[in-house]
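Student: This structure is in structure tokens; I'll ask about it shortly.
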Amino acid sequence: MVKVVTVDWGKSRIALSMKQLEEDPLLETLDKVIPQNGTAGYESSDESDETIIEPLLGLAAVLEELLKENGVDEIRITRQGFEKRVVSQDLQLWLSNAPPVNRHFTLLARAGRQVQEIQLTTSFDQEGVKNALQRALERVP
């Protein structure tokens, strides 16, 4: 399947694109990248799963520093999956805009195609979590 981009009747040319039919990877939702039900082709883990997910390269040091913050009680990598395309090989970390549930905030870590969901249990509000993350990142060599 292709998308017709332009038609030049004068030169008898048609411009086609397969890429424009694909979704923008920056707009993919977490549940598309990391399905809750462990759909085939994806790795996933949830609260009841005993599988230990290895943190992305460089993430363990960040999580260790974050655990040193007063007010951070627990950090768990709960799910992981793979995006269709690589956006960046660098470790990227985001705080989800979703409101916390039972003091659990959701962080997302991505490196290459791999994405991991991290549950952070804390007494902080959203601004406090941002500040704690910033301090932890400043301490990571």
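The values are calculated or read from the model by the stated rules, or taken from the named source; none is laboratory data. Values in this document were obtained by computation on a predicted structure and should not be read as measured data. With ideal geometry, Cβ positions are generated from the backbone for all residues, glycine too; neighbour counts draw on all protein chains shown. Accessible surface is based on the protein model in full, side chains and every heavy atom, while ligands, DNA and RNA are left aside. Shrake-Rupley method; radii C 1.70, N 1.55, O 1.52, S 1.80 Å.
Student: If a residue must be touching a residue at least 24 places away in the same chain (Cβ under 8 Å), aliphatic (A, V, I, L, M) and open to solvent by 30 Å² or more (accessible area, probe 1.4 Å), how many such residues does segment 53-65 contain?
Tutor: Going residue by residue through segment 53-65, those that are touching a residue at least 24 places away in the same chain (Cβ under 8 Å) are 53, 55-59, 61-63, 65.
This time we only want the ones that are aliphatic (A, V, I, L, M), so: 53, 56-57, 59, 61-63.
Checking the rest, the ones that are also open to solvent by 30 Å² or more (accessible area, probe 1.4 Å) come to 57, 61.
Summing the residues that are touching a residue at least 24 places away in the same chain (Cβ under 8 Å), aliphatic (A, V, I, L, M) and open to solvent by 30 Å² or more (accessible area, probe 1.4 Å) in segment 53-65 gives 2.
Student: Moving to a separate point now. Going by the conditions given, is T121 in contact with a His (Cβ under 7 Å, 6 or more places away or on another chain), of a type in the set (S, T, N, Q) and outside any loop (DSSP other than H, G, I, E, B)?
Tutor: yes
Student: Which of the residues belonging to segment 87-141 are surrounded by fewer than 17 Cβ atoms within 10 Å (Cβ to Cβ) and among the aromatic types (F, W, Y)?
Tutor: W94 - this is the single residue of segment 87-141 that is surrounded by fewer than 17 Cβ atoms within 10 Å (Cβ to Cβ) and among the aromatic types (F, W, Y).
Student: Just one of K68, K3, K19, K32 is open to solvent by 80 Å² or more (accessible area, probe 1.4 Å) and at pLDDT 85 or above; which is it? If you could, list the steps in order and put the result at the bottom.
Tutor: Working: K3 fails: at pLDDT 85 or above; K19 fails: at pLDDT 85 or above; K32 fails: at pLDDT 85 or above.
Matching residue, one of K68, K3, K19, K32: K68.
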